[in-house]
Amino acid sequence: MIEITRREEFCAAHRLFNPAWSAERNEALYGLCANPHYHGHNYAVEVTLRGPVDPETGMVFDLAQLKGLMRRQVVEPLDHRNLNEDAAPYLKGRIPTAENIALAIWEHLAEHLPPGLLHRVRLFENERNFVDYLGEG
């Protein structure tokens with residue numbers, strides 16, 4: 001098996017806030033990230049595909065196709081957006097933590113890729129904090 005990875009970047013604002021909780025409870029858990037005026041990140045997202053090398057093409061998947069898919073399905077719907085209010089429909093109803101954003105990206109991209117090929121979505125919120133989602137199980 002071979003793994004291939006494509007990295008893209010986007011900038012977005014968000015607020016970590018559970019509307020079912022009081023402002024005090026949100027602030028206690030999320031701290032400054034619960035700021036009602038939002039805050040932003042320069043995100044980086046890496047998508048890793050894993051599979052055998054196709055003997056006809058010499059590739060697991062065409063990286064140019066992956067690039068286009070990521071730009072259309074991830075970057076364009078999220079870049080320079082407020083992830084709580086006007087981001088992609090696949091984020092609606094989710095608290096936009098890095099974990100939930102990575103999970104939503106996985107679920108959305110999986111609809112556009114051959115089954116079983118998506119191996120990992122890694123989302124960097126900054127250079128020190130990132131999450132990996134490897135699918136169910």
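The values are calculated or read from the model by the stated rules, or taken from the named source; none is laboratory data. These numbers were taken from a predicted model, which means no experiment stands behind them. Using ideal geometry, Cβ is built from the backbone for each residue, glycine included, and neighbour counts are taken over all protein chains shown.
Just a few scattered comments:
- When LEU123, LEU83 are checked against the criterion of being modelled with pLDDT of 95 or more, crowded, with 19+ Cβ neighbours inside 10 Å and in contact with a Pro (Cβ under 6 Å, 6 or more places away or on another chain), a single residue qualifies: LEU83.
- Selection count, the stretch 11-32, where residues are in contact (Cβ under 8 Å) with a residue 12 or more places away in the chain, surrounded by 17 or more Cβ atoms within 10 Å (Cβ to Cβ) and not in a loop (DSSP other than H, G, I, E, B): 4
A quick yes/no check of all residues on (1) assigned to a loop (DSSP other than H, G, I, E, B); (2) under 20 Å from TYR38 (Cα atoms); (3) among the aromatic types (Phe, Trp, Tyr):
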site: ARG71; (1), (2), (3): no, no, no
site: PRO96; (1), (2), (3): yes, yes, no
site: ASN100; (1), (2), (3): no, yes, no
site: GLU107; (1), (2), (3): no, no, no
site: GLY116; (1), (2), (3): yes, no, no
site: HIS119; (1), (2), (3): no, no, no
site: GLU136; (1), (2), (3): yes, no, no
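- Pairs with Cβ under 6 Å, 6+ apart, first in the stretch 94-106 and closer than 19 Å to ALA20 by Cβ, second among the charged types (D, E, K, R): ASN100/ARG94
- Entry remark, the stretch 84-93: residues being touching a residue at least 60 places away in the same chain (Cβ under 8 Å) and within 11 Å of the chain's Cα centre (by Cα) number 0 in total.
- Single match in LEU66, LEU117 (criterion: more than 15 Å from LEU134 (Cβ to Cβ) and at pLDDT 95 or above): LEU66
- Hits in the stretch 33-60 - residues which are of a type in the set (Gly, Ala, Ser) and either part of a helix (DSSP H, G or I) or surrounded by 13 or more Cβ atoms within 10 Å (Cβ to Cβ) (or both): ALA34, ALA44, GLY51
- Taking the criterion of being farther than 24 Å from ARG81 by Cβ and polar (S, T, N, Q), the only residue of the stretch 6-27 that qualifies is SER22.
- Search result, residues across the stretch 64-97 that are in contact with a strand residue (DSSP E or B) (Cβ under 7 Å, 6 or more places away or on another chain) and closer than 15 Å to PRO114 by Cβ: LEU66
- Selection status of VAL131, assigned to a strand (DSSP E or B) and surrounded by fewer than 18 Cβ atoms within 10 Å (Cβ to Cβ): yes
- Only one of LEU78, LEU103, LEU63, LEU69 that is within 15 Å of PHE124 (Cα to Cα), out of contact with any Gly (no Cβ under 6 Å at 6 or more places or on another chain) and surrounded by fewer than 20 Cβ atoms within 10 Å (Cβ to Cβ): LEU103
- Residue, farthest from the chain's Cα centre (by Cα), within the stretch 94-115, restricted to residues that are within 15 Å of ALA12 (Cβ to Cβ) and of a type in the set (A, V, I, L, M, F, W, C): ILE95
- Residue list for the stretch 42-65, restricted to those being touching a Leu at 6+ places or on another chain (Cβ under 9 Å) and among the charged types (D, E, K, R): GLU46, ARG50
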